[in-house]
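Written out below as C-alpha cells is the structure these notes cover.
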Amino acid sequence: MGSTWGNKFKVSIFGESHGNGIGAVIDGLPAGIDIDLERVQHELNRRAARGNPLATPRKEGDQIEVLSGIFNGKTTGAPLAGLIRNENTRSGDYAKTKDLMRPGHADYAASVRYGGFQDYRGGGHFSGRLTAPLVFAGAIAKEIIRVIRPELGIGSRIVSIGNVKDTEVCDWKVYKTLSKGFVNPAFPLYHAKLEDAMKQEIIAAMADEDSVGGLVEGFITGLEPGIGNPFFESIESRLAALLFSIPAVKGVTFGAGFEVVNLRGSQTNDPLRINNGEIETVTNYNGGINGGISNGMPIVFQVAFKPTPSIGKEQQTINLAERKEAALTIQGRHDPCIVVRAFPVVEAATAICLADFLL
C-alpha cells in the first residue's frame, strides 16, 4: 500500500479506522535519546476531537501504548512501535451503505485498486483516523530534534477557513515569535480576533448539512543553511510528499506560492545582506529554500485542505454492487471542517521530514 516513508527516519503506519487499533513503527532512531512520553501524548491530544464542539462527535482516547524501542525513558536503537487502540467505533453506520460509493472519498478508487477486499468501514486505511499514528511519529521526531537541534522551532497556524482569511505574514522575523506560541494554541491565528468569524463559517456549514475547507501554514525556524538536496531529494519534494499523504490535502505551496506568477523577478529574488555579521535575505518569497536546500531563513509553506467529503446533504452516486445510479445521505460522525484538527498533523509531517534530513 505504500505506507512506509523515509531514508534515515523511517515510518510505517498501520491499521484501519474501525479496526482493533492503529499505529506506527519508526526505524532508524539513534540509541540513548530521551523520550518524554507526556509530551508525545500531548501532541496526540492536540489532534484529538475531545471537547471540540466543531469536530466529529466520535471521541477516541488516543492513548499511545509503546510496544518497543524505548527502555528506561530512552531509545534503544531498535524499531519503536506505538499502538493506539480504537475504542469508540460504530461500524454499523457503514454496513448499510457499503455498496454506495461516497463522493469525494476513496471508496470507488480503493475498491477498484484492491478488488473490494479493503476495509470499507469509515474509510478503513484511507481514513483521517490514520493521522493519529502520523502525529505519534511526528511527536517522536520532535523529541529527536529537541535533542540534536534544540534551537529549531516547528509551528503552524490557521490561515483561512471558508471565506475568512488571516493576514499574510510578510516579515520573516515574525516567525521566530510565532514559533513560541499563539494566544489560543487550540486555534492558532496571527490575528486572534478572527477566531469567531472562522468558527461562524464552520457553524454555518454545519447548519446547511455541509462542510468547509481552509489553509494551514507550517513553518520551521532556526534551521541553518545547507540542509537538503537538489531535485528528487529537495526539501520541497520530501516535505510535499509527506504533506500530500495527509487525507484531504489538495495543495502545497512554499513561500509566496502561486502569488509569484503575478510578480517580477526583481520582487521575488530575496536580496541578500549582512546583518551583525550574519547572512540573511531581505524578503522571503522563496520560503527559506533555494535549489531544494535551506538558505537559513524560516521555511514557510501553506497546505490546502478540501472540505470534508462526508456531509449530510443528499448526493448523487452509484451502487457498485448493482451498477446503478443511486442517492446517498451519509450517516455517522464527521468533522465539518478538517482544518481545526489538521495543524498538529502538518507539524508532525514537518518534524518527520526534518528529522530524516538531520539524521
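Among the listed residues Arg121, Arg146, Arg157, identify the single one that is of a type in the set (Lys, Arg), surrounded by 19 or more Cβ atoms within 10 Å (Cβ to Cβ) and within 19 Å of Val346 (Cβ to Cβ). Give the steps one after another, and end with the answer.
On the way: Arg121 fails: within 19 Å of Val346 (Cβ to Cβ); Arg146 fails: surrounded by 19 or more Cβ atoms within 10 Å (Cβ to Cβ).
Exactly one of Arg121, Arg146, Arg157 is of a type in the set (Lys, Arg), surrounded by 19 or more Cβ atoms within 10 Å (Cβ to Cβ) and within 19 Å of Val346 (Cβ to Cβ), namely Arg157.
Are any of the residues in segment 306-314 assigned to a loop (DSSP other than H, G, I, E, B), in contact with a Lys or Arg (Cβ under 8 Å, 6 or more places away or on another chain) and under 30 Å from Val282 (Cα atoms)?
Within segment 306-314, not a single residue is assigned to a loop (DSSP other than H, G, I, E, B), in contact with a Lys or Arg (Cβ under 8 Å, 6 or more places away or on another chain) and under 30 Å from Val282 (Cα atoms).
Is there any pair with a first residue in segment 19-38 that is under 14 Å from Thr4 (Cα atoms) and a second that is assigned to a strand (DSSP E or B) and open to solvent by 40 Å² or more (accessible area, probe 1.4 Å) whose Cβ atoms are under 6 Å apart and which are 6 or more apart or on different chains, and what are they?
Sorted first by the residue in segment 19-38, then by its partner, the pairs are Gly23/Phe14; Ala24/Ile13; Asp27/Lys10; Gly28/Lys10.
Report, by residue number, each residue of segment 149-171 that is assigned to a strand (DSSP E or B), over 18 Å from Cys353 (Cα atoms) and of a type outside the set (Val, Ile, Thr).
Hits for segment 149-171 are Arg157, Ser160, Lys165.
Taking segment 325-339 as the search range and keeping residues that are over 11 Å from the mean Cα position of the chain (by Cα) and either at positive phi or among the β-branched types (Val, Ile, Thr) (or both), which one is most open to solvent (accessible area, probe 1.4 Å)?
Among those that are over 11 Å from the mean Cα position of the chain (by Cα) and either at positive phi or among the β-branched types (Val, Ile, Thr) (or both), it is Thr329.
For segment 246-262, how many residues are farther than 21 Å from Asn295 by Cα, surrounded by fewer than 17 Cβ atoms within 10 Å (Cβ to Cβ) and in contact (Cβ under 8 Å) with a residue 12 or more places away in the chain?
Here the count works out to 2.
Can you spot a residue in segment 299-309 that is farther than 30 Å from Ala137 by Cβ, in contact with a helix residue (DSSP H, G or I) (Cβ under 9 Å, 6 or more places away or on another chain) and surrounded by 14 or more Cβ atoms within 10 Å (Cβ to Cβ)?
No, there is no match, as no residue in segment 299-309 is farther than 30 Å from Ala137 by Cβ, in contact with a helix residue (DSSP H, G or I) (Cβ under 9 Å, 6 or more places away or on another chain) and surrounded by 14 or more Cβ atoms within 10 Å (Cβ to Cβ).
Run Pro225 past the list (1) open to solvent by less than 20 Å² (accessible area, probe 1.4 Å); (2) assigned to a loop (DSSP other than H, G, I, E, B) and report the number of the one that doesn't hold.
Among (1) open to solvent by less than 20 Å² (accessible area, probe 1.4 Å); (2) assigned to a loop (DSSP other than H, G, I, E, B), the lone unmet condition for Pro225 is (1).
Taking segment 185-208, which residues are assigned to a loop (DSSP other than H, G, I, E, B) and not hydroxyl-bearing (Ser, Thr, Tyr)?
Pro185, Ala186, Phe187, Pro188, Leu189, His191, Asp208
If Ser211 passes every condition in (1) more than 14 Å from Val339 (Cα to Cα); (2) part of a loop (DSSP other than H, G, I, E, B); (3) among the hydroxyl-bearing types (Ser, Thr, Tyr) but one, which one does it miss?
(1)
Quick one: which of Lys193, Lys199, Lys165, Lys176 is open to solvent by 30 Å² or more (accessible area, probe 1.4 Å) and either at pLDDT below 95 or under 30 Å from Thr75 (Cα atoms) (or both)?
Of Lys193, Lys199, Lys165, Lys176, the one residue that is open to solvent by 30 Å² or more (accessible area, probe 1.4 Å) and either at pLDDT below 95 or under 30 Å from Thr75 (Cα atoms) (or both) is Lys176.
Can you list the strands (runs of 3 or more DSSP E) found entirely within segment 236-294 that contain at least 2 residues being β-branched (Val, Ile, Thr) and more than 26 Å from Val212 (Cβ to Cβ)?
Of the strands (runs of 3 or more DSSP E) lying wholly inside segment 236-294, those with at least 2 residues that are β-branched (Val, Ile, Thr) and more than 26 Å from Val212 (Cβ to Cβ) span 278-281.
The values are calculated or read from the model by the stated rules, or taken from the named source; none is laboratory data. Quick caveat, the model's predicted, so the values are computed rather than measured. Here the Cβ is made from the backbone with ideal geometry for all residues, glycine too, and neighbour counts use every protein chain on show. Ligands, DNA and RNA are stripped out before the accessible areas are found, and what is left, the full protein with its side chains, is counted by its heavy atoms. Shrake-Rupley method; radii C 1.70, N 1.55, O 1.52, S 1.80 Å.
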